[in-house]
Amino acid sequence: MRSKRPSKSGRDKDSRNEKGGSRRGESSRREPSARSNSRRGDDRRGGGKDKSAKGIVLEMFSNSPDTVFTQRQITRKLGIVDKKGRDQLQGILVNLVRENKLLLIDGDKYQLNLRVNIITGRVDLANSKYAYIVSEETEDDVRVFREHLKYAMDGDVVKVEVLPTMQGGRAEGIVVEVLERSRTELVGIMELSKNFGFVVPDFKKLYFDVFVGERNLNGAEAGDKVLVKIVEWPKEPGKNPTGEVIRVFGPAGEHEAEIHSIMAEFGLPFEFPEAVEEEANQISDKIPAGEIAKRRDMRDVTTFTIDPADAKDFDDALSIQKLENGNWEIGVHIADVTHYVHPRSLLEKEAFHRATSVYLVDRTIPMLPERLSNGLCSLRPNEEKFTFSVVFEIDDNGKLYDTWYGRTVTYSDRRFAYEEAQERIETGEGDFAEEINVLNNIAKKLQAKRFKNGAISFETTEVKFKLDENGKPLSIYVKERKDAHKLIEEFMLLANKKVAEFVYNKGKGKKRPTMVYRTHGSPDPDKLNTFSVFARKFGYKVDPDGDISEELNNLTHEIEGKPEQSVLQNLAIRTMAKAKYSTEPEGHFGLAFDHYSHFTSPIRRYPDMMAHRLLQHYLDGGQSEDKEAFEERCRHSSVMEKRAADAERASIKYKQVEFMKDTIGNQYKGIVSGVTEWGIFVEIEENKCEGMVRLSSLNDDYYELDANNYRIIGRQSKRIISFGDEVMVEIVSANMAERTIDMELVETLKTH
């Protein structure tokens, strides 16, 4: 069991939480020293192809790792003939011994130190000064300063030599080899000189710029947002990687340039390969009688979809009919994507690669081509469609009597927007009002049972924008979740749960068949204790030793509608493990389900496609599939899901900054949502935009960070500004290129 990594506040005061855009906090205090070594005219240029003298000596020993050499033998072997060379060699040998790379034997002999501790791990770039190497081979993360990173970037897999440390000291190391680069393309702003340019990356933790020669500028002009591909890495420190511009997005700050740069920054695709589109276009849209005969025909059962008003891909529908015994037959019908996307097809390969659709503020980047996502697979009204269904027999109290799984053919009678369905719930009038209200009443019973069983009732805040035809934000609002949303959610949760249970129960012990589960671990006890202490400052009791679900649900009820709701909920969520995809049936803490899968959104999630295939395989009597192969796909899906979420947050942050640039000088009520050594973050109450009040702008005192208590303290006045305090702020600036909002503190309204 690896020990827990230090918290961000303990590990790295230049980074903070995962909230969208928060890494931009240091942007307007970009220290010249952080880049000055690599940004003085031509000496930024990547070069230095010749090995250093130190590298040549070390290579000689590496080629004969078991040999002991005298200094005289080394001199001869390297062809050194003058006193200057011998003196230089002596200095190099002394340094290599000091660095523990060579062993000194009998005072005048040298041998390669084969006992050097080399580990392999992944780079977690903390800031522009150093990174942590996260490895399964060591309990503690190893810190590597930028001069020893060998130009490794965030996410790269590296070999690291762990240096000897004093007892109790932090483990430090030196990257000896970059094994796998997570990316070779970067987004940034072009700075031009006469015959060359440098791309300054958007990623503020990155510690180098990229040199671009005149021939590789690709028409980029000063101030353009560009995508640069690194084509040559320096062989020695102090130089810069060399790159070529492969996309020019346009002037920084313009809508299309910024959205495209966000897509490139997170490695999102701009289009489908031609061959993939061609394969999609060749699929027939006919509903053959032979295929219908293999399926349960549910075309005559009342069926409808309920989705956002602007949705184009409808991957789930509900059907309902009354049975003779008085119970209800309710069908959850899901687009049968895997009927069209076959395992060895180009469409399959592309869907796996993308793993998820991505929803930016102004566009969707789909997992599947439009021919499938908005056409063949979409459960559009008044069209016959192939579906994969879970059909329940259930009574008015939400008691489940029977469940059927299988492929179906359905016909959607009506496409509802959430607002239309909500109107029928509130008024009881309109077409299908009776059916919608029956579903809503049963959904409420299902929800009550979930909460009684320990499900967490957190409601996440979803920020939405009203944009004009040019993408300019006209207003920001928080999406409200009403009964119509919760109705759909409850039946999707039930279907996902029952599919997971069905597969799990087909085996025993280690013989349980392979399945793709959506898992969510219990809260971290240490984080929960910290959160409990913090909540107490707001007057709320959260007993970390009690029933955690009950404690968190009680807190949710108490803070509902209060200014601190968002802050406390976000902090509570951070105590929990991240949800992920796995073949291990570890359960879902947040939903209080022992077994849970993702089955209901195969148009936009690859794990759902895997679940469809596995379920059908087991319905057909198949044996358990290769667990490790599916686990690898689960890992990839989890990584891509996080990347999509990060991109979505970045696009929201950008639009928030764009919206706020027209509010310079306005004052807003907000709540302190983060504290760092250089400033406090404030979230505006009315629109959820977050900006920073820099400590340098607080002129009444010199403030210092008290990281353990989430607050800053004035050195002389002892004035305290804490996480969660209500404040009034004035908007000072909004930098669209950096995606930052600067504020000034007007007054503190309420402290904790």
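Taking 580, 77 and ordering them by how much accessible surface each has at a 1.4 Å probe, largest first, produces 77, 580.
Order 558, 274, 370, 738, most accessible first, counting only protein heavy atoms with a 1.4 angstrom probe.
274, 370, 558, 738
Subtracting the Cα-Cα distance of residue 686 and residue 434 from their residue separation scaled by 0.36 nm leaves 87.0 nm.
Contact order for the chain, expressed relative to its length and based on alpha carbon pairs under 8 Å spaced 6+ residues apart, stands at 10 percent. Full extension of the chain between residue 73 and residue 543 gives 162.2 nm of extra length, using 0.36 nm per residue less the Cα-Cα distance.
Cross-link reach is defined here as a Cα-Cα straight distance under 21 Å, omitting same-chain residues fewer than 8 places apart; for residue 77 the lysines meeting it are 51, 54, 101, 109. Rolled with a 1.4 Å probe across the full set of protein chains, the surface gives residue 482 an accessible area near 80 Å². For segment 705-752 versus segment 415-477, the spacing of their alpha-carbon centroids is 35 Å. Residue pairs exceeding 19 angstrom between C-alpha atoms, taken from 444/497; 399/511; 445/482; 225/653; 479/653; 479/562: 399/511. Overall, the anisotropy analysis places segment 253-368 in the oblate class: the square-rooted eigenvalues a ≥ b ≥ c of its C-alpha gyration tensor yield a/c not less than 1.5, with a/b not exceeding b/c. Treating r as the C-beta distance of residue 510 and residue 136 and R0 as 25 Å, the FRET efficiency rounds to 0.60. Between 0 and 90 degrees, the angle of helix 483-504 with respect to the longest Cα principal axis of the chain falls at about 80 degrees. When both segment 574-631 and segment 53-78 are represented by their alpha-carbon centers, they are found 55 Å apart.
Segment 181-208 and segment 367-405 have Cα centres spaced 47 Å apart. Annotation: per residue accessible area for the chain equals 47 Å², rounded to a whole number [probe 1.4 Å, protein chains only]. Helix 53-63 and the longest principal axis of the C-alpha atoms of the chain enclose an angle of approximately 70°. Counting only protein heavy atoms and using a 1.4 Å probe, the accessible area of residue 183 comes to about 70 Å².
With each label modelled as a point 7 angstrom along the Cα→C-beta vector, the residue 707-residue 353 pair spans 4.1 nm. With a Förster radius of 35 Å applied to the beta-carbon distance between residue 524 and residue 404, the computed FRET efficiency rounds to 0.30. Each helix, a run of at least 4 DSSP H residues, gives -39500 (n - 2.57); summed and divided by the residues of the chain, these come to -9000 deg cm²/dmol at 222 nm. With 31 Å as the limit on Cα-Cα distance, the pairs of 510/541; 486/578; 527/669 that go past it are 510/541. Solvent-free Debye calculation, one equal scatterer per alpha-carbon of segment 571-727: log10 I(q)/I(0) at 0.15 Å⁻¹ equals -0.93. With R₀ set to 45 Å, the beta-carbon distance separating residue 594 from residue 232 gives a calculated FRET efficiency near 0.25. For a paramagnetic label modelled on residue 451 (point 7 Å from Cα along Cα→Cβ), amide N atoms under 15 Å away are absent within segment 492-511. Per-atom-type breakdown for the chain gives carbon and sulfur 46% of the accessible area (1.4 Å probe, protein chains only).
Placing pseudo-labels 7 Å out from each Cα toward the beta carbon at residue 52 and residue 717 gives an inter-label distance of 4.9 nm.
Model label sites at residue 662 and residue 195, defined 7 Å from Cα along the beta-carbon direction, differ in position by 4.7 nm.
If you rank 163, 192, 114, 615 by how much accessible surface each has, with a 1.4 Å probe, what is the order from largest down?
114, 192, 163, 615
Can I get the semi-axes of the chain's equivalent ellipsoid? Compute them from the C-alpha gyration tensor as square roots of 5 times the eigenvalues, in angstrom, largest first.
50, 33, 28
Calculate how steeply helix 83-98 sits against the longest principal axis of the alpha-carbon atoms of the chain, using the helix alpha-carbon long axis, and give the answer as 0 to 90 degrees to the nearest 10. Relative to the chain, helix 83-98 is tipped by roughly 40 degrees.
Checking the a/c ratio against 1.5 first, then a/b against b/c, what shape does the Cα gyration tensor give for segment 409-486? The shape class here is oblate. Within the assembled protein chains, the solvent-accessible surface assigned to residue 353 is about 110 Å², based on a 1.4 Å probe. For the pair residue 479 and residue 748, the difference between a 0.36 nm per residue extended length and the Cα-Cα distance amounts to 94.0 nm.
Only Cα pairs under 8 Å and 6+ residues apart enter the sum, and on that basis the relative contact order of segment 445-492 stands at 29 percent. Classify segment 518-656: rounded, prolate or oblate, from the alpha-carbon gyration tensor (a ≥ b ≥ c, eigenvalue square roots; a/c under 1.5 rounded; otherwise prolate if a/b is larger than b/c)? Judged from the Cα gyration tensor, segment 518-656 comes out prolate (a/c at least 1.5, a/b above b/c).
If you average the sequence gap of Cα pairs under 8 Å that are 6 or more apart and divide by the length of segment 645-752, what percent do you get for the contact order?
This gives 29 percent for segment 645-752.
Rounded to the nearest 20 debye, the dipole size of segment 328-481 about its Cα centre is 780 debye, using +1 on the Cβ of Lys and Arg and -1 on the Cβ of Asp and Glu.
The values are calculated or read from the model by the stated rules, or taken from the named source; none is laboratory data. Owing to the predicted nature of the structure, the values given are computational and were not obtained by experimental measurement. All Cβ positions, glycine included, derive from the backbone under ideal geometry; neighbour counts span all protein chains shown. To get the accessible areas, we keep the full protein, side chains included, count just its heavy atoms, and leave off ligands, DNA and RNA. Shrake-Rupley method; radii C 1.70, N 1.55, O 1.52, S 1.80 Å.
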